[in-house]
1. Segment 5-294: percent of C-alpha pairs farther apart than 32 Å?
2. Amide H neighbours of Asn276 under 5 Å, at least 5 residues apart or on other chains, H built in the peptide plane: list them.
3. Any idea what the relative contact order of the chain is, in percent, if you count C-alpha pairs under 8 Å spaced at least 6 apart?
4. At what distance in nm do the modelled label points of Ser58 and Lys208 sit from each other, each positioned 7 Å from its Cα along Cα→Cβ?
5. If you take every residue apart from Leu82 with its C-beta less than 14 Å away from the C-beta of Leu82, what net charge results, scoring Lys and Arg +1 and Asp and Glu -1?
6. Rounded to whole Hz and in sequence order, give me ³J(HN,Hα) for segment 252-257 from the Karplus expression 6.51 cos²θ - 1.76 cosθ + 1.60, θ = phi - 60°, writing x for Gly and Pro.
7. Which pairs in the list Lys149/Lys264; Lys25/Lys68; Lys76/Lys190 are over 22 Å apart, alpha-carbon to alpha-carbon?
8. Starting from the amide H of Val195, placed 1.01 Å from N in the peptide plane, find each other amide H under 5 Å away whose residue is 5 or more places distant or on another chain.
Amino acid sequence: MELPVVNHEDYFAKIGDDHKFPINKFGELANYLISNNIVKNFHKPYPCSVETLKFAHSDKYIQNILNKTLNTEGVKKIGFPLVDSVVKRSLVATGGTVLASKLAIHYGISCNTAGGSHHANYNEGAGYCVFNDVAVAAHYLINRGLANKILIVDLDVHQGNGNSDIFKENRNVFTFSMHSKSNYPAKKSKSDIDVELEDNLEDQTYIKKLKYYLGDLNKENFDFVFYIAGVDVHFNDRLGKLKISDEGIRLRDEIVVENFFSKKIPLCGVLGGGYNKDFNKLVELHSILHQSCAKYI
């Protein structure tokens, strides 16, 4: 048996070759996983339905995205042009995390090759995030009776403010975000636990903090985990402010995955952010999540 990984060719959107978001990484990550024998086949998602999106987003916002009628300010806040391929990508990537979450329940562990759009909240998108795939999938699992107490472990360099906003009054979903204190968003929201990291933090302190807080989280009785494995914590990331090495990211992912898998808590891993100055290195760093998860299948 191999690790169930969700991927779709429409994860790539036409936003222009000069765009600062590295949209090509999704296709190249899929190629990397196949060529390095990390997976042989992908599970292919359907676009997320409006009914399922409405668990986490307002109908007005959803319709403005689908009809491409979002105002200029709203489009600017997202950072992507609101074109057909971006709309399609947003629906398919969200559907991908919903599918991956169901696969995690069945197999114990799974990954998407996209996802982690944690800046989108109920009424708007932001920071390259159109729909909040993890929030949609978490609501889906709870509403279908597939999970009762969900933990979101967000280790992207940016705070998961969309998740903390969406779930601020929801006792079924616990939000944990360990992120750069001085980074985007300028105005942070309040997660159940926020760990703010100083600029230029290196591996040893980072891993020590992670282990400490995992110890706290292990005292709770979670029955499902979403892991947002952003690699923008890397020392060579254009948008990060930390100094985490390749090996630091590998150790981080292995610690998180082993911690929950060993307790038989289903885990769904999603990509999160990554804007490395070296594109090939970016793809390789994102693949560490999938490599770490594949060890347990």
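Each reported figure results from applying straightforward, stated rules to the coordinates on display, with no laboratory input. Bear in mind that the values here come from a model prediction, so they are computed numbers and not experimental data. When we count neighbours, we look across all protein chains shown, and the Cβ atoms used for this are built from the backbone with ideal geometry, even at glycine.
1. Working: 6282 of 41905 pairs.
Roughly 15 percent, rounded to a whole number.
2. Arg238
3. Worked out over the chain, it gives 20 percent.
4. 4.5 nm
5. It works out to a net charge of +3.
6. For segment 252-257, the Karplus curve yields 4, 5, 5, 5, 5, 5 Hz.
7. Pairs exceeding the cut-off: Lys25/Lys68; Lys76/Lys190.
8. Residues meeting the amide H criterion: Ser177, Met178, His179.
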